[in-house]
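K.L.:
Below is a structure I'd like to ask you about.
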Amino acid sequence: MIERTLSRLVALAMLAAPLQVSAQEDEGMGEVIVTATRRSERLPSVMTSLPYLDRRPAIGLRRAADGVVRRIEIGSDSRSEDMRRSEVQAMLLAALDRASREGLSLVTGELEVKEVTRENWRALFPALASPSTTSDDEDDDDSQDDDEDEGNGKVQPGFEDDGSTATARLMIKAKLTGTIDEAQRKVSAFVQSVPATGRSEIRQLGTMALTIVNPEQYREEINARIARSALQAASPYGPGYGVEVTGLDRAIAWAQVSNTEVYLYIPYAYTVRR
């Protein structure tokens with residue numbers, strides 16, 4: 001009975017994997033930002049503040065993150081609005097050129113990161129490219145999102161000018177090949193190396209956040225681990241007992257578990273029964 005149940009479990013797990021990956025590929029899921037708070041299954045804040053409440057299942061995959069991101073602002077407080085916009089544009093373009101030479105990239109995004117390039121920056125920052133696209137409502141929304149950010153690596157892509165300071169918000173992304181401190185030193189050196197134009201400057205905000213490339217690629221491995229765990233859980237009960245597994249069709253979830261590591265999991269559950 002247990003062997004038959006395991007065979008069905010593995011078959012279902014392998015079947016679920018390509019279906020889910022295909023759905024994510026259709027959505028263009030690429031590199032995503034991982035914060036210390038899980039992104040896929042958010043609990044009420046009063047619950048997440050209690051350390052003993054953790055809905056992460058025991059079986060998952062712990063691995064090193066692929067990269068790190070750090071929020072930055074490119075700002076100018078020159079007297080003229082046109083001058084402020086021009087100076088922010090010039091420093092953004094200088095940062096793009098220098099980043100490509102140093103193995104870094106500038107990105108935007110709250111969940112999935114999107115690289116900023118010389119070809120697409122106008123589309124990603126329309127208010128910076130043209131003052132006619134700016135609206136008061138959009139500025140208010142951006143300000144509110146930034147206030148709620150708390151420095152966890154998320155960013156509301158955009159540009160605003162409050163009448164005295166023009167600000168473009170984005171992130172610097174680096175590959176994680178060593179420690180967080182090493183990555184931070186590289187980012188800081190980059191920020192200091194970008195030449196200013198007029199009264200423009202780059203400011204670092206918040207703390208470093210980890211990234212993972214295409215979490216769905218690990219579904220098959222996580223499914224196999226769940227299958228082995230389910231078989232092991234049922235084996236002490238003897239003949240006549242099987243395992244019922246639920247949740248294998250759910251999206252991959254993730255959480256940061258150390259300075260450089262992430263935990264990937266499927267929010268599954270299983271029950272041993274006759």
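K.L.:
Using amide H atoms built in the peptide plane, which far-off residues or other-chain residues are under 5 Å from Val116 H to H?
P.N.:
Leu106, Val107, Thr108
K.L.:
Output wanted: per-residue J couplings in Hz (rounded whole) for region 183-198, from phi through Karplus 6.51 cos²θ - 1.76 cosθ + 1.60, θ = phi - 60°, x for Gly and Pro.
P.N.:
5, 5, 4, 5, 5, 4, 4, 5, 4, 6, 8, 6, x, 7, 10, x
K.L.:
Same structure again: At 7 Å along the Cα-to-beta-carbon direction for both Met83 and Glu244, put a label point, then send me their distance in nm to one decimal.
P.N.:
If labels sit at Met83 and Glu244, their model points lie 7.3 nm apart.
K.L.:
For the pair Leu205/Lys175, report the inter-label distance in nm, with labels modelled 7 Å from Cα in the Cβ direction.
P.N.:
If labels sit at Leu205 and Lys175, their model points lie 2.9 nm apart.
K.L.:
Provide the descending list of Cα extents for region 65-106 along its principal axes, expressed in whole angstroms.
P.N.:
Principal extents (largest minus smallest coordinate, Cα): 42, 19, 9 Å.
K.L.:
Can I ask one more? Pop the C-beta distance of Asn259 and Leu111 into the FRET formula with R0 = 25 Å and round what comes out to the nearest 0.05.
P.N.:
Values: r = 21 Å, r/R0 = 0.84.
My answer for the efficiency is 0.75.
K.L.:
Same structure again: What are the ³J(HN,Hα) values, in whole Hz, obtained from phi via the Karplus relation 6.51 cos²θ - 1.76 cosθ + 1.60 with θ = phi - 60°, for each residue of region 71-82 in sequence order, with x given for Gly and Pro?
P.N.:
5, 9, 10, 9, x, 8, 10, 4, 5, 8, 4, 4
K.L.:
Another question about this same structure. Collect residues whose amide H, placed 1.01 Å from N in the peptide plane, falls under 5 Å from the amide H of Glu261; neighbours closer than 5 in sequence don't count.
P.N.:
Residues meeting the criterion, in which the H sits 1.01 Å from N, are Ala65.
Only the coordinates and a few stated rules stand behind these numbers; no lab work does. Model, not experiment: these values are computed from the prediction. Cβ atoms come from the backbone with ideal geometry, glycine included; neighbour counts cover every protein chain shown.
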